Amino acid sequence: MTHDDFLVAYKPPGMSFHREGSDPGMLDALREEGHQTLHAVHRLDRITSGLVLVARHGDAARELGQLFESRRISKCYLAISDRKPTKKQGLISGGMAPARNGSWRLTREPTLRAVTRFHSTALEGGKRMFALYPHTGRTHQLRVAMKSIGAPILGDERYGGSPADRGYLHAYALRLPWQGGELSLALPPAAGEFFLQPAFNEQLAVLNEAGLWGSSGT
């Protein structure tokens, strides 16, 4: 989707957002498509696929940046785990602290507080689908949150997830105020064996019909 102020772009799993060495990133790919003037206002981890907003001019970049900074943009992520969580819904809250090899861990300290609301539903084969609503935007927040409830993301081996064809974390939807109204944007997963199974899409349809944001959106 192309808006006068921003692009709504899809980031594939396994692609960096910015160039890393000789590996082109998502921004480079967009520029090769002819979008020369682009401003990054948020990013996704390499393992994460999904919806990214990219500003088309400086004024939009400043306004979007302020919306993200002030937490006025609601975000919904989708994840799959093959482990049974210690709780099926609720709030995951704690401080974020550095761990080994660039990883993070959740603590009881107030420093770098991370808050995520979530709910989950059963899929086939012992897997569960999670709808994750981060209220903060810490590095690896959702990956750490999932590990903390005993259900690391499928394919996220850094945080204890089982091996898979991809990391099963997807930035699904954003809701934001814009030009006096409200925009709701969504991009479903386009890659990954378990994201594309009928059972997953059936549960995603149920989530949408029930009201994506409900009481869990910020």
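Laid out as a table, the results:
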{"read-out": "Förster radius 30 Å - calculated FRET efficiency between GLN66 and GLU157 (Cβ-Cβ, nearest 0.05)", "value": "0.25"}
{"read-out": "Residues ILE80, ILE153 arranged by fewest to most Cβ contacts within 10 Å", "value": "ILE80, ILE153"}
{"read-out": "Radius 11 Å from Cβ of VAL54, net charge of other residues (Lys, Arg +1; Asp, Glu -1)", "value": "+3"}
{"read-out": "Computed magnitude of the charge dipole of the chain (debye, nearest 20; Cβ of K, R +1, Cβ of D, E -1)", "value": "1080 debye"}
{"read-out": "Relative contact order (percent, whole number), the chain, Cα cutoff 8 Å, 6+ residue spacing", "value": "20 percent"}
{"read-out": "Extension gain from LEU185 to HIS18, taking 0.36 nm per residue of separation minus the Cα-Cα distance", "value": "57.9 nm"}
{"read-out": "Residue exposure sequence - SER120, SER81, SER93 - by fewest surrounding Cβ within 10 Å", "value": "SER93, SER120, SER81"}
{"read-out": "Net charge over other residues, Cβ less than 14 angstrom from the Cβ of TRP104 (K, R count +1; D, E count -1)", "value": "+4"}
{"read-out": "Kirkwood Rh in Å, taken over all unlike Cα pairs in segment 14-109", "value": "16.5 Å"}
{"read-out": "Inter-centroid distance (Cα atoms) of segment 136-186 relative to segment 13-45, Å", "value": "19 Å"}
{"read-out": "Distant-in-sequence amide H partners of THR136 (H built 1.01 Å from N, under 5 Å)", "value": "VAL115"}
{"read-out": "Relative packing of peptides 169-177, 132-140 - highest average C-beta neighbours within 10 Å first", "value": "169-177, 132-140"}
{"read-out": "Rounded FRET efficiency, nearest 0.05, which uses the C-beta distance separating LEU7 from GLN89 and R0 of 35 Å", "value": "0.55"}
{"read-out": "Quotient of Cα Rg and 2.2 N^0.38 Å for segment 6-207, N being how many residues it contains", "value": "1.02"}
{"read-out": "Sequence-distant lysines (8 or more away, or on other chains) whose Cα lies within less than 23 Å of LYS84", "value": "LYS127, LYS147"}
{"read-out": "The chain: angle of helix 58-69 to the longest principal axis, Cα-based, in degrees nearest 10", "value": "20 degrees"}
{"read-out": "Label-point separation, ARG43 to ALA210 (7 Å along Cα→Cβ), nm", "value": "3.4 nm"}
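Coordinate-derived values only; no laboratory data. These numbers were taken from a predicted model, which means no experiment stands behind them. Here the Cβ is made from the backbone with ideal geometry for all residues, glycine too, and neighbour counts use every protein chain on show.
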